[in-house]
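Following: one structure in structure tokens, then a few remarks.
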Amino acid sequence: MVSKKKAAEMIDVMEELFPDAHCELNFKNEFELVLAVLLSAQTTDKSVNKLTATLFEKYKTPQDYLNVTLEELEQDIKTIGLYRSKAKNIQALCRLLLEEYNGVVPNTFEELVKLPGVGRKTANVVLSVGFDVPRIAVDTHVDRISKRLGFAKADDTVLDVEHKLMRLIKEERWSKSHHLMIFFGRYHCTAKNPKCETCPLFTSCKEGKRLIKKAK
Ligand code: SF4
């Protein structure tokens, strides 16, 4: 495990590489944000943005999603993976929003994770991006980067990783660090063929040395 100082230095390097790291999903309000994050499970942000460009024109409120049949909603989102379960969750989520929250997305973790289709990661993204609450959402990129750079151990669960990152990184940097690790993982330290040869973190990364040795 790296020290807090070392972790901060590594995050600094990511910030130099990606000063503009941000949420790449398009949305206009917290309701659209929840739906975009829900839709992004096992799908790229690019595909979700392509879909929501038209979806969010047709459906603007929770009631709009309940005014159509499940089959119609499925047809409207069928370009992305898991569309059947996502359509079902969207309608259940909209129903609950109307019944319990007057159609407004709640802003606490405990309430968010009760919404259908909203797990820990989605709730953390919504809090951080939509409500400016410091959180670290651990997705596949954040998990991989944390393990490669020694922020967490290889066999740590997603929850372990989240807790370790929250201990290692100062709270005021949680949200930005989440985006930095996603950008770093998406565009530099990719799952396959990471750019180890030109990586500014190579000297402090055991995984990079192992990967290069393996490739030779
Ligand atoms: Fe990722 Fe390779 Fe850089 Fe390590 S050296 S952080 S594995 S790109």
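The values are calculated or read from the model by the stated rules, or taken from the named source; none is laboratory data. What you see is a predicted model, and the numbers here were worked out from it, not measured in a lab. Neighbour counts run over all protein chains shown; Cβ positions are idealised from the backbone, glycine included. Please note that ligands, DNA and RNA were not included when accessible areas were found on the heavy atoms of the full protein model with its side chains. Shrake-Rupley method; radii C 1.70, N 1.55, O 1.52, S 1.80 Å.
In region 130-216, carbon and sulfur make up what percent of the accessible area (probe 1.4 Å)?
In region 130-216, the share of accessible area belonging to carbon and sulfur is 56 percent.
On a 29 Å Cα-Cα criterion, which of the cross-link pairs 58/176; 170/213; 4/209; 46/195; 58/114 come out too long?
Beyond 29 Å: 58/176; 170/213.
Counting alpha carbon pairs within less than 8 Å and at least 6 residues apart, what relative contact order, in whole percent, applies to the chain?
It rounds to 22 percent for the chain.
From the phi of every residue in region 155-163, what ³J(HN,Hα) in whole Hz does the Karplus formula 6.51 cos²θ - 1.76 cosθ + 1.60 yield, where θ is phi - 60° and glycine or proline is x?
Calculated HN-Hα couplings, in order: 9, 5, 6, 4, 5, 4, 4, 4, 5 Hz.
Could you give the dipole magnitude of the chain about its Cα centre, charging the beta-carbon of Lys and Arg +1 and that of Asp and Glu -1, in debye to the nearest 20?
Dipole of the chain, to the nearest 20 debye: 1340 debye.
What value, in deg cm²/dmol to 500, does the helix sum -39500 (n - 2.57) over DSSP H runs of n ≥ 4 give at 222 nm once divided by the residues of the chain?
-17000 deg cm²/dmol
Once amide H atoms are built 1.01 Å from N in the peptide plane, which residues 5 or more positions from residue 169, or in another chain, come under 5 Å H to H?
It is none; the list stays empty.
By the gyration tensor of its Cα atoms, with a ≥ b ≥ c the square roots of the eigenvalues, what is the shape of the chain: rounded for a/c under 1.5, prolate for a/b over b/c, or oblate?
prolate
Which net charge results when you count Lys and Arg as +1 and Asp and Glu as -1 among the other residues whose beta-carbon is under 13 Å from that of residue 116?
Around residue 116, the surrounding residues sum to +1.
How far is helix 45-58 tilted, in degrees, relative to the longest principal axis of the Cα atoms in the chain, given as a value from 0 to 90 rounded to the nearest 10?
20 degrees
Mind telling me which of 110, 32, 57 comes out most flexible in a GNM of the chain, alpha-carbon contacts under 10 Å?
With Cα springs under 10 Å in the chain, the top fluctuation among 110, 32, 57 is at 57.
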